[in-house]
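The values are calculated or read from the model by the stated rules, or taken from the named source; none is laboratory data. Keep in mind that this is a model prediction, so the values were computed, not measured. Note: ideal-geometry Cβ built from the backbone for every residue, glycine included; neighbour counts use all protein chains shown.
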Amino acid sequence: MASDIAVIVGAGSGLSAALARACAQRDMSVVLAARNIDKLSALASETDARLISCDAVDRRQVDALFRVVGEVGVPALVVYNASARARGPLIELDPAEVERAVQVTALGGFHVAQAAARQMLPLGRGSIFFTGASASVKGYAQSAPFAMGKFALRGLAQSMARELAPKGLHVAHFVIDGGISRGADDPRGGRGPDGLLEPSAIAETYLHVHGQARSAWTWEVELRPWVEPF
């Protein structure tokens with residue numbers, strides 16, 4: 001029997017890497033997609049993942065990604081983990097940078113989700129997950145573009161969940177409300193024990209939600225360190 005396929009778009013060294021490892025440990029076939037896949041070679045070797053270059057803003061590249069995946073099978077889990085930021089005072093922001101940030105964070109999520117749903121719907125099963133942030137529910141000063149993108153991504157997830165859950169697809173949005181640890185050398189380690197979110201702990205929550213019985217699905221989860229105010 002072929003193993004379930006997990007596709008992680010916007011893959012990198014933090015949460016995406018932890019997700020790849022968690023999926024591989026569950027004998028899932030992992031596909032890692034990113035604009036720059038050279039940085040993922042070690043992770044791909046560790047998790048026996050397939051690397052596919054993909055800019056999620058470019059619909060043609062997203063369609064090409066899912067054509068390749070579809071040659072093997074229909075993905076059981078698709079995670080959209082890409083985002084971009086443009087920081088600064090509102091009146092000084094470069095409109096072109098703002099446009100790109102919103103495209104990566106939100107429009108790319110739409111492209112990936114639509115392509116995934118088209119493959120999953122005929123089977124009536126599959127999970128499509130979106131990685132959100134504190135900015136998904138509260139816009140911070142001098143960070144309008146990130147909030148714009150993350151608010152839009154959350155709205156996409158909520159709308160999709162209401163439309164697609166009755167058709168068998170599990171759509172979920174994860175509000176990562178806090179800093180994600182970069183390892184033992186993380187300069188933010190002064191926050192104390194468990195002051196940062198451990199990527200492996202976040203990944204376990206994603207896989208727990210993926211494994212939920214459909215009689216008790218959740219569409220949104222908030223995760224934060226115990227010391228993080230909210």
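Answer yes or no as to whether Gly73 is modelled with pLDDT under 95 and surrounded by fewer than 22 Cβ atoms within 10 Å (Cβ to Cβ). When the stated conditions are applied, Gly73 does not pass them. Inside the stretch 144-189, residues that are over 25 Å from Ala117 (Cβ atoms), among the small types (Gly, Ala, Ser) and assigned to a helix (DSSP H, G or I) make up a count of 3. Reported count of residues in the stretch 104-142, each being surrounded by fewer than 20 Cβ atoms within 10 Å (Cβ to Cβ) and within 15 Å of Ala86 (Cβ to Cβ), is 5. Exactly one residue among Gly109, Gly88, Gly10 is on the phi > 0 side of the Ramachandran plot and in contact with a Phe, Trp or Tyr (Cβ under 8 Å, 6 or more places away or on another chain), and that residue is Gly10. Looking only at the stretch 134-155, residues that are out of contact with any Gly (no Cβ under 9 Å at 6 or more places or on another chain) and either closer than 26 Å to Ile52 by Cα or free of Cβ contacts under 8 Å to residues at least 24 places away in the same chain (or both) come to 5 in all.
Give the residue that is surrounded by the fewest Cβ atoms within 10 Å (Cβ to Cβ), with candidates limited to residues of the stretch 76-92 that are of a type in the set (A, V, I, L, M) and out of contact with any His (no Cβ under 6 Å at 6 or more places or on another chain).
Taking the candidates together, the pick is Ile91.
Just one of the listed residues (Val57, Val98) is part of a helix (DSSP H, G or I), closer than 26 Å to Phe151 by Cβ and without any contact (Cβ under 8 Å) to a residue 60 or more places away in the chain, and it is Val98. Condition test on Leu121, is it touching a strand residue (DSSP E or B) at 6+ places or on another chain (Cβ under 7 Å) and closer than 25 Å to Asp63 by Cα? Against the criterion (touching a strand residue (DSSP E or B) at 6+ places or on another chain (Cβ under 7 Å) and closer than 25 Å to Asp63 by Cα), Leu121 does not qualify. Only residues that are modelled with pLDDT of 95 or more, hydroxyl-bearing (Ser, Thr, Tyr) and farther than 23 Å from Gly183 by Cα were counted across the stretch 1-46, and they come to 1. For the stretch 93-103, residues that are within 30 Å of Trp217 (Cβ to Cβ) and either among the β-branched types (Val, Ile, Thr) or surrounded by fewer than 15 Cβ atoms within 10 Å (Cβ to Cβ) (or both) total 1.
If you go through the stretch 118-143 and pick out every residue that is over 15 Å from the mean Cα position of the chain (by Cα), among the aliphatic types (A, V, I, L, M) and assigned to a helix (DSSP H, G or I), you end up with 1.
No other residue among Val7, Val78 is touching a Pro at 6+ places or on another chain (Cβ under 6 Å) and not in a helix (DSSP H, G or I) apart from Val7. Here is the figure for the stretch 180-230: residues that are touching a Ser or Thr at 6+ places or on another chain (Cβ under 7 Å) and among the β-branched types (Val, Ile, Thr) total 2. Within the stretch 1-45, the set of residues being of a type in the set (D, E, K, R) and buried (at least 17 other Cβ atoms within 10 Å of the Cβ) comprises Asp4, Arg21.
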